[in-house]
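Nothing in this text is a laboratory measurement; each read-out follows from the coordinates by a stated rule. Since we're looking at a predicted model, the values are computed, not measured. Ideal geometry is used to build each Cβ from the backbone, glycine not excepted, and the neighbour counts take in all protein chains shown.
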């Protein structure tokens with residue numbers, strides 16, 4: 001609605017939940033909107049604790 005590209009959150013139980021994101025995306029797209037990229041601050045910055053150096 002406001003044209004944001006990213007939504008940064010620590011709330012993985014509700015906001016960053018992939019199943020919920022899919023449902024929200026379907027609803028928003030049906031109303032002419034796109035869902036922003038929802039991620040944690042680490043995901044946005046490209047940090048990965050599982051990376052092998």
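Quick notes
- Our helix-only sum for the chain, with -39,500 (n - 2.57) per DSSP H run of n ≥ 4 divided by its residues, gives a mean residue ellipticity at 222 nm of -9500 deg cm²/dmol.
- The angle between the Cα long axis of helix 18-30 and the main principal axis of the chain comes to about 30°, on a 0 to 90 degree scale.
- Added length on full extension, which subtracts the Cα-Cα distance from 0.36 nm per residue, residue 19 to residue 31: 2.4 nm
- Distance between the 7 Å Cα→Cβ label points at residue 45 and residue 10: 1.3 nm.
- Neighbour counts of other Cβ atoms within 10 Å put 45, 20 in the fewest-to-most order 45, 20.
- The relative contact order of the chain comes to 44 percent, based on Cα pairs under 8 Å that sit 6 or more residues apart.
- Overall dimensions of the chain, expressed as equivalent-ellipsoid semi-axes from the Cα gyration tensor (√(5λ), whole Å, largest first), are 24, 12, 9.
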